Amino acid sequence: MTLKRLYLLVVLNICSISFALAGTWTTDKYQGIYGARNYKIYVPDTLSSRVKPAIVVMLHGCQQNAADFAKGSRIEKWADKEKFIALFPEQNIAYNSFKCWNWIMPANNARAGEAQVIVEMLDAVIEKYDADKERVFAAGMSAGASMVNILGNCYPERFKALASHDGSQFYSSYMGMDFAEVVLSGANVPASVAGFYGNNCSLFVGQRPKVMPIIIFHGMNSPLMSPIHAFQVETEFKIFNDFLDNGIRDNSYFLEKNVKSVPDTKTYGYTLYTTTNSDKDIFIERYMINNLSHGWSGGVPDLPYNEPKGPDASAMIMKFFKRFGL
């Protein structure tokens, strides 16, 4: 066998392996009482026929779509590696001209509206692919992160853990008419009030979890979402988790909070705040990333709302989710 022929066989073998590991993208459509939305699904070809796959719901930000967010987060790589299905709900321009999820509206901070749209998409995917309804996770960027935080408060029985990148807290506005003020200056609803409403939103759903873990990222140079949002998201989820623990707010859930500073290296430096529960489990991680603007940390170069320098938010999210059953 000549060297040239051997090289050709090796190349063909590598290509065939790559093709075998590739997954499938499918586009579907939601139609319900809250209108019509498209959604995309990525299913790895490597899924086991013996184990029901987990699902990771990925919610894009304003002026993005499912394809943009999938590319920036490199979701195919992670879905192939960790063997989960990725669901990308997509906002319809008919409901927001900038393709933002309408997280600012109080009507959507409920078990209704756009939150219900996303959950009904999730139900359809679980049924179609026989996925594991006990292993569902959600991550989002900006407006998508704000919707993730709504889902965590109003549908905690549906999700094992959450990831919020440059998002706003659940129930950020009383009236929903102060979008610019909230974005630039932080939520107008105190976290204590929002946590109380979060508890009420999911109070009568039957068996709620005892914990709703969340990993939070925020760029310290974000021009669109003030860094105060990350602190508010963390505080609201502490209060909400305190209710989940035993049904009352008595500060029984958090044990301590640790702070770690990581200097700039090949990636932006950051400060990590971790909150530990009474079982000494870290259930909240908050990364305040130096010099990061309003983009997915560790995302794809030359793609809007992506910051390739990192640290790699997708890798950190997957590590966090795996602690809770991904």
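Side notes on the structure shown:
- Qualifying residues in the range 128-156 (those that are surrounded by fewer than 24 Cβ atoms within 10 Å (Cβ to Cβ) and farther than 13 Å from Gly198 by Cβ) - the one nearest to the chain's Cα centre (by Cα): Arg135
- The residues of the range 61-74 that are over 22 Å from Gly35 (Cα atoms), out of contact with any Leu (no Cβ under 7 Å at 6 or more places or on another chain) and surrounded by fewer than 24 Cβ atoms within 10 Å (Cβ to Cβ), listed by number, are Ala70, Arg74.
- Verdict on Lys319 being over 15 Å from Met58 (Cβ atoms), charged (D, E, K, R) and out of contact with any strand residue (DSSP E or B) (no Cβ under 8 Å at 6 or more places or on another chain): yes
- Filter pass, Gly176 being surrounded by fewer than 21 Cβ atoms within 10 Å (Cβ to Cβ) and touching a helix residue (DSSP H, G or I) at 6+ places or on another chain (Cβ under 6 Å): yes
- Applying the criterion of at least 2 residues that are over 20 Å from Ser164 (Cβ atoms) to the strands (runs of 3 or more DSSP E) found wholly in the range 246-326 leaves 254-262.
- Hits in the range 137-194 - residues which are out of contact with any Asp or Glu (no Cβ under 9 Å at 6 or more places or on another chain), part of a loop (DSSP other than H, G, I, E, B) and within 25 Å of Phe324 (Cα to Cα): Tyr155, Phe159, Asp166, Gly167, Ser168
- Looking across the range 268-305, the residues that are among the polar types (S, T, N, Q) and more than 15 Å from the chain's Cα centre (by Cα) come down to Thr271, Thr274, Thr275, Thr276, Asn277, Ser278, Asn290, Asn291, Ser293.
- Any chance Tyr268 is modelled with pLDDT under 95, buried (at least 16 other Cβ atoms within 10 Å of the Cβ) and more than 27 Å from Ile104 (Cβ to Cβ): no
- The range 222-248: number of residues that are touching a residue at least 40 places away in the same chain (Cβ under 8 Å) and closer than 15 Å to Ser278 by Cβ: 5
- Residue check for Ala79: within 20 Å of Thr27 (Cβ to Cβ), part of a helix (DSSP H, G or I) and touching a Pro at 6+ places or on another chain (Cβ under 8 Å): yes
- Number of positions in the range 102-122 that are within 17 Å of Lys29 (Cβ to Cβ) and either of a type in the set (Gly, Ala, Ser) or touching a Gly at 6+ places or on another chain (Cβ under 7 Å) (or both): 2
- When residues of the range 24-60 are limited to those that are in contact (Cβ under 8 Å) with a residue 24 or more places away in the chain and among the charged types (D, E, K, R), the one surrounded by the fewest Cβ atoms within 10 Å (Cβ to Cβ): Asp45
- Within the range 251-265, the set of residues being among the aliphatic types (A, V, I, L, M) and either under 23 Å from the mean Cα position of the chain (by Cα) or loosely packed, with under 15 Cβ neighbours inside 10 Å (or both) comprises Leu255, Val259.
- Pairs where the first residue, in the range 85-102, is aliphatic (A, V, I, L, M) and the second is at pLDDT 95 or above and assigned to a loop (DSSP other than H, G, I, E, B), C-beta under 7 Å, 6+ apart: Ile85/Pro53; Ile85/Ala131; Ile93/Lys99
- From Gly140, Gly167, Gly186, residue being at pLDDT below 95 and closer than 22 Å to Asn241 by Cα: Gly186
- Evaluation of Thr275 against (1) buried (at least 20 other Cβ atoms within 10 Å of the Cβ); (2) at pLDDT 95 or above; (3) of a type in the set (Val, Ile, Thr) (one fails), failing number: (2)
The values are calculated or read from the model by the stated rules, or taken from the named source; none is laboratory data. Computed from a predicted model, the values in this text were never measured in an experiment. Because the Cβ atoms are built from the backbone with ideal geometry, glycine has one as well, and the counts that use them run over all protein chains shown.
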